[in-house]
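The values are calculated or read from the model by the stated rules, or taken from the named source; none is laboratory data. Since the model is a prediction, treat every value here as computed from it, not as a measurement. Methodologically, a virtual Cβ is constructed for each residue, glycine included, from the backbone with ideal geometry; neighbour enumeration extends over all protein chains shown. Please note that ligands, DNA and RNA were not included when accessible areas were found on the heavy atoms of the full protein model with its side chains. Shrake-Rupley method; radii C 1.70, N 1.55, O 1.52, S 1.80 Å.
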Amino acid sequence: MENMVVLHKRGGRNLISSLNLRRFILLKKIVGMRVTKFLAIIAVLFSFTVMADAGTLEDVKARGKLNCIVSSGLAGFASPDGKGGWQGFDVDFCRAVAAAVLGSGDKVNFVPSTNRTRFAQLNAGEGDILFRNTTETLSRDVDLKLTFLPVNYYDGQGFLIRRSLGVTSATQLAGASVCVQVGTTTELNLADYFRFNKMEYEHLNTGTNAESIIMYESRRCDVYTTDASALASTRAALKNPSEHVILPEIISKEPLGGAVRHGDDRWADIGKWVVNALIIAEEMGITQKKVKELAKKPGNNPGMNRFLGTEGNMGEMLGLDKKWAVNAISAVGNYGEIFERHLGPKTPLALERGLNASWKAGGLLYAAPIR
Amino acid sequence: MDWLFLDAAFTGGSRDECSAKAGGACWAVIGERLNLFTYGFYPVAERWRVNLSLVLLIFTLFPILFEKAPYRKYALHIAVAFPFVTAWLLVGGLGLTPVETDQFGGFMLTLVIGITGIGFSLPIGILLALGRQSKLPAIQIFSIGFIEFIRGVPLITLLFVASTMLNYFLPPGVTFDLLLRVLIMVTLFASAYMAEVIRGGLQAIPKGQFEAADSMGLRYWSAMRLIVLPQAMKISIPGIVNTFIGLYKDTTLVIIIGLLDPLGIGRASLADTRWTGLSTEVYLFVAIFFFISCFGMARYSQHLENKLETDHKR
């Protein structure tokens with residue numbers, strides 16, 4: 001009896017389910033149509049988005065100003081001067097792009113950003129381009145949907161320590177207390193480095209660079225670790241900079257570069273070739289002073305002629321004026337000049353070119369040719 | 001004291017020049033950047049508009065704050081136009097060169113955010129407080145929901161929403177001024193707190209006062225305006241000013257979304273390689289500015305309390 005009941009029930013259920021199936025198919029047909037329509041609407045909306053994105057160059061030209069995302073204050077890279085303008089290494093890259101696109105290095109709106117907001121601001125369209133001392137990584141490229149421009153500063157993590165402690169190499173740091181900013185790649189690199197070298201260390205978290213300096217100055221920690229360029233500016237800000245040394249070891253790769261949003265390759269190309277042009281200008285010995293003179297008439301160097309727009313149509317291909325590179329160089333000078341002005345030995349940061357020298361001088365700067 | 005004044009250098013082009021002159025504080029950094037601290041990146045040629053706005057502000061505030069001011073009655077009517085005139089002066093358009101709001105910065109930015117927040121949060125707060133006690137369920141639920149939601153979320157979160165999230169929700173191409181978004185968020189935030197402060201005042205009014213108003217045949221709004229609110233507001237003065245001061249100091253949070261208020265300008269100035277390491281001077285200067293404004297507000301609230309003293313303090 002029980003079995004029969006079960007069978008009966010099962011039969012009933014099958015009946016229902018087959019009925020449901022028919023209904024389901026019908027439903028699917030109706031909904032399916034709606035889904036297609038819905039998708040079509042979304043596609044249309046998306047195409048608008050893409051259209052809006054695809055025209056960064058046109059947007060910038062129509063606006064007559066480049067919106068450039070920079071740091072809200074990082075020694076040597078971006079800081080406001082007393083007259084309401086901005087100065088710095090990253091700032092000059094913004095000016096170069098503005099000069100190449102709009103003909104003048106002054107046609108820039110600087111959009112200050114913090115570490116936390118920079119990518120959101122770029123993706124939300126508040127800036128056309130970002131030069132903010134930003135490390136290129138896989139996740140930022142792929143997950144945050146950025147297109148990175150060529151590296152404009154090869155940085156790496158270093159250690160700052162008091163000279164009086166007599167340490168000359170990071171391998172002698174066993175047992176040291178180290179200040180490190182929390183939640184950064186620096187923190188992870190530090191742990192990796194000490195684990196790899198089988199050394200113990202005491203690690204003191206700090207919130208910001210400024211906090212770290214206070215901790216280091218008050219001797220709460222023996223060592224402060226962060227990117228070498230930031231260490232240089234930190235050292236310059238200490239009371240007696242000569243009492244402190246930056247150890248020779250660089251324990252991580254931090255390739256810093258500009259970035260634009262995914263989805264506008266033409267605009268990315270412009271950013272890329274402006275950075276390349278600044279690097280190539282140094283290779284060719286084209287300086288801010290000489291560039292106007294050189295560009296007056298074609299010389300006997302075809303490569304330089306192409307660069308200066310006296311030969312070929314490189315600017316046109318980019319959708320820019322044929323004097324694009326000349327404008328960029330006359331606004332800010334070549335890579336070497338920018339470096340000297342903001343970071344080089346004559347500035348308080350006193351950074352050596354090191355990895356950031358041209359490949360001809362043993363560095364890593366090697367830009368693809370303009371031809 | 002020696003460090004502050006006697007040993008300090010007041011001129012110089014960089015920190016090194018300062019330390020060559022004197023061993024104390026280096027105030028030259030403030031001197032060089034006073035304009036930046038005051039106007040932010042506001043175009044130099046248009047700065048008279050900021051100055052004029054400040055003059056207008058003083059002329060508007062004076063009769064509002066002090067009963068004995070001459071022609072007070074007329075001045076109060078004119079005061080209504082103040083927000084519009086100032087907005088026009090600062091942003092431009094209609095005959096004036098437009099100035100992008102991202103050029104705003106420094107003390108001017110603090111004042112714009114602070115005064116807008118203070119000016120709008122009080123009336124909105126009063127409405128919310130009355131709404132929370134309303135007998136109409138829809139109004140009551142809306143008020144409670146609004147107040148509790150805003151109070152339950154940190155201001156920083158709201159600012160982040162204002163600065164980044166909104167752009168994702170709006171259709172592409174539609175931009176909505178960042179400063180305006182911040183102003184709205186700050187005002188809403190302050191209103192929620194204000195509402196609770198005023199509700200505290202309302203609840204301290206004895207029931208007899210409400211009943212007395214009713215028995216006089218006064219309608220709701222007249223009863224509130226003539227009898228309940230004046231007493232409630234008087235009781236809430238310390239709380240209200242407290243909220244004002246808190247709001248005013250909270251304006252420094254905008255640094256997180258990339259607007260440069262005095263604190264942000266100060267931090268950015270320290271990133272100038274000529275001035276690195278002068279954090280004490282810069283922060284002290286900003287602190288003095290905030291202390292003067294906040295202490296001023298506190299003193300005024302005390303003056304107001306004394307003036308309204310009717311001798312039935314419990």
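General remarks:
- Annotation: A:Gly166 fulfils all but one of (1) on the phi > 0 side of the Ramachandran plot; (2) at the interface with chain B (Cβ under 9 Å from one of its Cβ atoms); the unmet one is (2).
- Qualifying positions in the range A:60-88 - closer than 22 Å to A:Glu340 by Cβ, touching a Phe, Trp or Tyr at 6+ places or on another chain (Cβ under 9 Å) and surrounded by 24 or more Cβ atoms within 10 Å (Cβ to Cβ): A:Cys68, A:Val70, A:Ser71, A:Gly76, A:Phe77, A:Ala78, A:Ser79, A:Pro80, A:Gly88
- Applying the criterion of at least 2 residues that are on the phi < 0 side of the Ramachandran plot and of a type in the set (Asp, Glu) to the helices (runs of 4 or more DSSP H) found wholly in the range B:141-252 leaves B:207-215.
- Residue within the range B:188-200 that is of a type in the set (Val, Ile, Thr) and modelled with pLDDT of 90 or more present: yes
Listed here are the residues, each with its yes/no results for (1) without any contact (Cβ under 8 Å) to a residue 40 or more places away in the chain; (2) under 30 Å from A:His262 (Cβ atoms).
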position: A:Tyr153; (1), (2): no, yes
position: A:Gly156; (1), (2): no, yes
position: A:Phe159; (1), (2): no, no
position: A:Ala170; (1), (2): no, no
position: A:Val182; (1), (2): yes, yes
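- Residue pairs meeting the criteria (Cβ under 6 Å; at least 6 apart or on separate chains; first open to solvent by less than 50 Å² (accessible area, probe 1.4 Å), in the range B:265-285; second of a type in the set (Phe, Trp, Tyr) and modelled with pLDDT under 85): B:Ser269/B:Trp275
- Selection from the range B:132-147 of residues that are without any contact (Cβ under 8 Å) to a residue 60 or more places away in the chain and more than 22 Å from the chain's Cα centre (by Cα): B:Ser134, B:Lys135, B:Leu136, B:Pro137, B:Ala138, B:Ile139, B:Gln140, B:Ile141, B:Phe142, B:Ser143, B:Ile144, B:Gly145
- Scope the range B:50-71; condition assigned to a helix (DSSP H, G or I) and in contact with a Phe, Trp or Tyr (Cβ under 8 Å, 6 or more places away or on another chain); matching residues: B:Val50, B:Leu56, B:Leu57, B:Thr60, B:Pro63, B:Leu65
- One residue alone among A:Asp92, A:Asp81 is free of Cβ contacts under 8 Å to residues at least 12 places away in the same chain, within 20 Å of A:Pro348 (Cα to Cα) and among the acidic types (Asp, Glu), and that residue is A:Asp81.
- Leading residue by the ranking (nearest to A:Thr347 (Cα to Cα)) among those in the range B:258-314 that are among the β-branched types (Val, Ile, Thr) and over 19 Å from the mean Cα position of the chain (by Cα): B:Thr273
- Residue check, A:Thr147 touching a residue at least 60 places away in the same chain (Cβ under 8 Å) and in contact with a Lys or Arg (Cβ under 8 Å, 6 or more places away or on another chain): yes
- When the range A:111-125 is limited to residues that are small (Gly, Ala, Ser) and open to solvent by 10 Å² or more (accessible area, probe 1.4 Å), the one that is farthest from the other protein chains (Cβ to nearest Cβ) turns out to be A:Gly125.
- Condition check for B:Ile256: closer than 30 Å to A:Gln121 by Cα and within 14 Å of chain A (Cβ to nearest Cβ): yes
- Tally of residues being open to solvent by less than 40 Å² (accessible area, probe 1.4 Å) and either facing chain A (nearest Cβ under 10 Å) or part of a loop (DSSP other than H, G, I, E, B) (or both) across the range B:4-25: 7
- A:Gly344, sole failed condition from (1) in contact with a Leu (Cβ under 9 Å, 6 or more places away or on another chain); (2) open to solvent by 10 Å² or more (accessible area, probe 1.4 Å); (3) farther than 30 Å from A:Phe194 by Cα; (4) not in a helix (DSSP H, G or I): (2)
- Total residues in the range B:86-114, condition open to solvent by 60 Å² or more (accessible area, probe 1.4 Å) and without any contact (Cβ under 8 Å) to a residue 60 or more places away in the chain: 7
- The set of residues in the range A:82-110 being modelled with pLDDT under 90 and at the interface with another protein chain (Cβ under 7 Å from one of its Cβ atoms) consists of A:Gly82, A:Gly84.
- Residue pairs meeting the criteria (Cβ under 6 Å; at least 6 apart or on separate chains; first surrounded by 13 or more Cβ atoms within 10 Å (Cβ to Cβ), in the range B:49-67; second assigned to a helix (DSSP H, G or I) and of a type in the set (Lys, Arg)): B:Pro63/B:Arg72
- Residue under evaluation B:Leu253, criteria (1) touching a Leu at 6+ places or on another chain (Cβ under 9 Å); (2) of a type outside the set (Val, Ile, Thr); (3) surrounded by fewer than 17 Cβ atoms within 10 Å (Cβ to Cβ), criterion not met: (3)
- For B:Ala28, the test of being in contact with a Ser or Thr (Cβ under 9 Å, 6 or more places away or on another chain), open to solvent by 50 Å² or more (accessible area, probe 1.4 Å), within 14 Å of another protein chain (Cβ to nearest Cβ) and at pLDDT below 90 is failed.
- Any hit, the range B:211-221, residues being among the acidic types (Asp, Glu), out of contact with any Leu (no Cβ under 8 Å at 6 or more places or on another chain), away from chain A (no Cβ under 14 Å) and open to solvent by 50 Å² or more (accessible area, probe 1.4 Å): yes
- Subset of the range B:272-294 that is of a type in the set (A, V, I, L, M) and touching a helix residue (DSSP H, G or I) at 6+ places or on another chain (Cβ under 8 Å) - its residue that is modelled with the lowest pLDDT: B:Leu278
- For the range A:89-106, a residue qualifies if it is part of a loop (DSSP other than H, G, I, E, B) and open to solvent by 20 Å² or more (accessible area, probe 1.4 Å), and the qualifying residues are A:Gly103, A:Ser104, A:Asp106.
- Selection from the range A:121-162 of residues that are part of a helix (DSSP H, G or I) and out of contact with any strand residue (DSSP E or B) (no Cβ under 9 Å at 6 or more places or on another chain): A:Leu138, A:Ser139, A:Val142
- Subset of the range A:173-205 [of a type in the set (Asp, Glu) and either open to solvent by 80 Å² or more (accessible area, probe 1.4 Å) or not assigned by TED's automatic domain parsing to the domain that holds A:Lys239 (or both)]: A:Asp192, A:Glu200, A:Glu202
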